[in-house]
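Below is one structure, written out as structure tokens; comments come after it.
The values are calculated or read from the model by the stated rules, or taken from the named source; none is laboratory data. Computed from a prediction, not measured in an experiment: that's the story for all the values here. Because the Cβ atoms are built from the backbone with ideal geometry, glycine has one as well, and the counts that use them run over all protein chains shown.
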Amino acid sequence: MNIQRRSLLKGMVAGGVGCGLLGASSLAMARAKTFTSGKQQMLIVTSSAEAEQTFRDGVRAARPEAAFETLRSDLSPAFLATLEKHLRSGHPSRILGLVDDASAAVIVQLARSADARVAWVGQHHIEPGQARHSLLVSRSSRNCTLHFGEQLNRCGSGYELKEQRPQGGGRPLVLASARSGNTGWGASLGYALAQPADGIDGIASQAAALSLYGRYVSFLIEV
Amino acid sequence: MSEAKKSVLPKGVAQGEFDAAVSKLTALLGKDNVLLQDEQLVSYTKIMMPGDEAQHAPSAAVTATTVEQVQGVVDICNKYKIPIWTISTGRNFGYGTAAPGQRGQIILDLKKMNKILHIDAELGTALVEPGVTYQQLYDYLEENNIPLMLSFCAPSAIAGPVGNTMDRGVGYTPYGEHFLMQCGMEVVLANGDVYRTGMGGVQGDNSWQVFKWGYGPTLDGMFTQANYGICTKMGFWLMPKPPVIKPFEIRFDEDSDIGEIVEFMRPLRISQVIPNAVVIAGILWEAATAGVRRSDYTKEPGVTSDAILKQIQKDKDLGAWNVYACLYGTQEQVDVNWNIITGALKQLGKGRIITAEEAGDTQPFQYRAKLMSGIPNLQEFGLYNWIGGGGSMWFAPVSQARGSECDKQKKLATQILAKYGFDYVGEFIVGWRDMHHVIDVLYDRTNADERARADACFNELLDEFEKEGYAVYRVNTEFQDRVAQSYGPVKRRLEHTLKRALDPNNILAPGKSGIDLDKFNDW
């Protein structure tokens, strides 16, 4: 077992995750219970070019064969109309994103109105030397948290990660690493939310190299 | 069939009873309208208040499309003693969002009751269901060439007239005091009766949306910011779209100008020379809605320095205070009032007018002009990017429209916010004789210390303002009990007396505005 996985697993134990979930088989089991299966359209929404680049790299690493569209968020009627069209299309699709707070406030609201399923909303605060990830997740996206934590460890990131699962389903995960780096969290997040296909075991280090500072909101929406 | 073993249940309701209620709700509404799974409920649970999401987690959410279904939901919840938290669009953001006031309540989401029932173009009236949004209404008026204009709050496009009016929200046009423009409503009571206010109970009546008062006690107000019934229809007045709409701004350079600004505006407002609810936006509200982020200027935690505020003012060509107002009417009417305003401003000797032509498509002028012209837009959400982090609580005391009041409130608010490390991000909305002073307490919810400070700050704002004789007109669900205390024990006893009579099982939104039979004991 490598050092990074040991560090993650220690954190998982600290967060109250039972021993039955530890080990390489744990994430494989998690993949078997992915939020959804089958072919879906995928839409990536980001609020800046930097966020798009790193987040998309992570998505691509998780799902190299998947085709996806990208959309830049803002507060314009055109963006709202495009997003609504996706939310109400009736075609199974997954919308994942990394946006600013203003966009997120609107996007989550529109998802609710359209009866879309919101499995994850994350608040992320990243500064040099400090990274906090506060996640509001459903039971079905628990594996996303595990993937995210694992990738953060692989990237050598320092972070605090706190999960909230208001509907219950076990103790929420609390993970932390005292390292000082902040690279790669955006790609790690994209990777985690895209829910890696079978046989994928992490992001290539190049994809994970980009730094992204500031405050962001991530989400995973299924239509 | 419900989820096996829910971890979130209504207070005092066992799993078996909850399952039985859910079965009945499913039979009534259809399984697609009874939401139990985590990922169906996360979006209802996302909050901007400092507490934990777990305290506001619903046990379920149900959607209804007819009055009969709403009656059915009320009947089932009465039988099983399950509290319901009703939302229309659920977009009151800094006042609590869509989350229920208490853990375990079932959300009754009326988003699918979204019919525009009637618009009368000649009388300027509308009758709508609770799920109708302002954007939907705007599109309807445009598509049908109906020459009426809307008034709405800043979340405009995605918010709705019923929810905003029932919470006594305000807008920025001459019809900006929304509850004043409400005329007739239909309410499902806790006993299942359907009550229509005003003229609505008269068979064959056609003045339900034109005459507010009806006969005997007029009860519309008691259903606003309250939990005595579920509004299923609401009538309100729409302003005829005038031939000329002239938005303008007056910029004032010094923070200390606020008193003089209000003394200047009040007579113009009372005489209706300026007929709309005027906004006086402080520098940070103005800057944030123009797309400025705090991180553009500093990474230092805590209060943004005066030097930086001045720099932002200079860089972005903004005022320390930025007054937005509008004239409406024929060209002759607008010209007369414009001359009065410019003459008065010349006498004041300070302030710089910016017209729509001069502002062009710059922000925030453009979004303000749209709000005053009844055109929905979401630009004001830029406030949430000033700090980021997802925390927002609107602290909104009211006062007389006097300069001395503004000055006092602004100084007190700034001092308290600074004590806890938060910026003053505020504006005054000048009504006819009153002012709503809306301050957005913005903070980072990923930071546990900041959440604790935001909570303490909001409490201190309430306490210190109350000592000066000020109370807020509206508040988020974590503070509704505290604010109810500000209004005194007589009001609370009366409200609970009414609650006991109308909803003895305490199932309609217990806790709303501090009204909760389970908690009240000051009879």
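Looking for whichever is assigned to a helix (DSSP H, G or I) and under 30 Å from B:H496 (Cα atoms) here; the options are B:M222, B:M185. Which one fits?
B:M222 is the lone residue from the list that is assigned to a helix (DSSP H, G or I) and under 30 Å from B:H496 (Cα atoms).
Anything in segment B:35-56 that is surrounded by fewer than 24 Cβ atoms within 10 Å (Cβ to Cβ) and either more than 9 Å from chain A (Cβ to nearest Cβ) or touching an Asp or Glu at 6+ places or on another chain (Cβ under 6 Å) (or both)? List them, or say none.
Within segment B:35-56, B:L36, B:P50, B:G51 meet the criteria.
Given the criteria surrounded by fewer than 20 Cβ atoms within 10 Å (Cβ to Cβ) and among the aliphatic types (A, V, I, L, M), does B:A369 qualify?
no
Which condition number in (1) farther than 30 Å from A:L98 by Cα; (2) in a strand (DSSP E or B); (3) touching a helix residue (DSSP H, G or I) at 6+ places or on another chain (Cβ under 8 Å) is the one that B:V398 fails?
The one condition B:V398 does not meet is (3).
Anything in segment B:61-86 that is in contact with a Leu (Cβ under 8 Å, 6 or more places away or on another chain), under 15 Å from B:L508 (Cα atoms) and not β-branched (V, I, T)? List them, or say none.
Hits for segment B:61-86 are B:A61, B:G72, B:P83, B:W85.
Please go through segment B:95-121 and give me each residue that is under 19 Å from the mean Cα position of the chain (by Cα), under 21 Å from B:G391 (Cα atoms) and more than 10 Å from chain A (Cβ to nearest Cβ), ordered by number.
B:Y95, B:G96, B:P100, B:G101
So is B:I283 in contact with a Leu (Cβ under 6 Å, 6 or more places away or on another chain) and surrounded by 20 or more Cβ atoms within 10 Å (Cβ to Cβ) or not?
Answer is yes for this residue.
Residues checked against (1) under 18 Å from B:D193 (Cα atoms); (2) outside any loop (DSSP other than H, G, I, E, B); (3) over 25 Å from the mean Cα position of the chain (by Cα):
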site	(1), (2), (3)
B:S43	no, yes, no
B:M48	no, no, no
B:Q55	no, yes, no
B:V73	yes, yes, yes
B:I76	yes, yes, yes
B:K79	yes, yes, yes
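Looking only at segment B:448-461, which residues are over 22 Å from B:L284 (Cα atoms) and either within 14 Å of another protein chain (Cβ to nearest Cβ) or crowded, with 17+ Cβ neighbours inside 10 Å (or both)?
B:A448, B:D449
Of the conditions (1) of a type in the set (A, V, I, L, M, F, W, C); (2) away from every other protein chain (no Cβ under 14 Å); (3) farther than 18 Å from B:E358 by Cα; (4) part of a loop (DSSP other than H, G, I, E, B), B:V292 satisfies every one except a single condition; which number is it?
Of the numbered conditions (1) of a type in the set (A, V, I, L, M, F, W, C); (2) away from every other protein chain (no Cβ under 14 Å); (3) farther than 18 Å from B:E358 by Cα; (4) part of a loop (DSSP other than H, G, I, E, B), the odd one out for B:V292 is (2).
What are the residues in segment B:431-447 that are more than 9 Å from chain A (Cβ to nearest Cβ), of a type outside the set (A, V, I, L, M, F, W, C), without any contact (Cβ under 8 Å) to a residue 60 or more places away in the chain and out of contact with any Pro (no Cβ under 6 Å at 6 or more places or on another chain), if any?
B:D434
Inspect segment B:316-323 for any residue being part of a helix (DSSP H, G or I) and among the acidic types (D, E) and give the result as yes or no. Walk me through how you get there before you give the answer.
Kept after step one, since they are part of a helix (DSSP H, G or I), are these residues of segment B:316-323: B:316.
This time we only want the ones that are among the acidic types (D, E), so: none.
No, there is no match, as no residue in segment B:316-323 is part of a helix (DSSP H, G or I) and among the acidic types (D, E).
Residues in segment B:122-133 that are within 14 Å of chain A (Cβ to nearest Cβ) and surrounded by 24 or more Cβ atoms within 10 Å (Cβ to Cβ): how many?
3
From the list A:R179, A:R165, exactly one residue is farther than 29 Å from B:G51 by Cβ, among the charged types (D, E, K, R) and over 12 Å from the mean Cα position of the chain (by Cα). Which is it?
Selected residue: A:R179, the only one of A:R179, A:R165 that is farther than 29 Å from B:G51 by Cβ, among the charged types (D, E, K, R) and over 12 Å from the mean Cα position of the chain (by Cα).
Please report, ordered by residue number, the strands (runs of 3 or more DSSP E) entirely within segment A:130-211 with at least 2 residues that are surrounded by fewer than 22 Cβ atoms within 10 Å (Cβ to Cβ) and among the hydrophobic types (A, V, I, L, M, F, W, C).
Passing ranges, in order: A:174-177.
Only one of B:Q409, B:Q485 is surrounded by fewer than 22 Cβ atoms within 10 Å (Cβ to Cβ), within 28 Å of B:T224 (Cα to Cα) and either in contact with a Lys or Arg (Cβ under 6 Å, 6 or more places away or on another chain) or of a type outside the set (A, V, I, L, M, F, W, C) (or both); which? Full working, then the answer.
On the way: B:Q409 fails: surrounded by fewer than 22 Cβ atoms within 10 Å (Cβ to Cβ).
Exactly one of B:Q409, B:Q485 is surrounded by fewer than 22 Cβ atoms within 10 Å (Cβ to Cβ), within 28 Å of B:T224 (Cα to Cα) and either in contact with a Lys or Arg (Cβ under 6 Å, 6 or more places away or on another chain) or of a type outside the set (A, V, I, L, M, F, W, C) (or both), namely B:Q485.
Going by the structure shown, is B:A99 surrounded by fewer than 24 Cβ atoms within 10 Å (Cβ to Cβ) and of a type in the set (A, V, I, L, M)?
On the way: surrounded by fewer than 24 Cβ atoms within 10 Å (Cβ to Cβ): no; of a type in the set (A, V, I, L, M): yes.
No.
Based on what the data block shows, is B:W338 surrounded by 14 or more Cβ atoms within 10 Å (Cβ to Cβ), touching an Asp or Glu at 6+ places or on another chain (Cβ under 6 Å) and either in a loop (DSSP other than H, G, I, E, B) or not β-branched (V, I, T) (or both)?
In short, no.
Can you find even one residue in segment B:303-318 that is surrounded by fewer than 16 Cβ atoms within 10 Å (Cβ to Cβ), at pLDDT 95 or above, of a type outside the set (G, A, S) and in contact with a strand residue (DSSP E or B) (Cβ under 9 Å, 6 or more places away or on another chain)?
yes
Got a number for residues in segment A:81-102 being at pLDDT 95 or above and either at the interface with chain B (Cβ under 7 Å from one of its Cβ atoms) or touching a Gly at 6+ places or on another chain (Cβ under 8 Å) (or both)?
The number of residues fulfilling the criteria is 5.
Could you figure out which of (1) touching a Cys at 6+ places or on another chain (Cβ under 7 Å); (2) on the phi > 0 side of the Ramachandran plot isn't true of B:G192?
Among (1) touching a Cys at 6+ places or on another chain (Cβ under 7 Å); (2) on the phi > 0 side of the Ramachandran plot, B:G192 violates only (1).
Inspect all residues belonging to segment B:11-25 and state whether any of them is within 9 Å of another protein chain (Cβ to nearest Cβ) and closer than 27 Å to B:V188 by Cβ.
Taking segment B:11-25 first, the residues within 9 Å of another protein chain (Cβ to nearest Cβ) are none.
Looking for residues that are within 9 Å of another protein chain (Cβ to nearest Cβ) and closer than 27 Å to B:V188 by Cβ, one finds none in segment B:11-25, hence no.
Filter the strands (runs of 3 or more DSSP E) completely within segment B:104-166 down to those with at least 2 residues that are farther than 23 Å from B:F211 by Cβ and touching a residue at least 24 places away in the same chain (Cβ under 8 Å).
Result: B:106-109.
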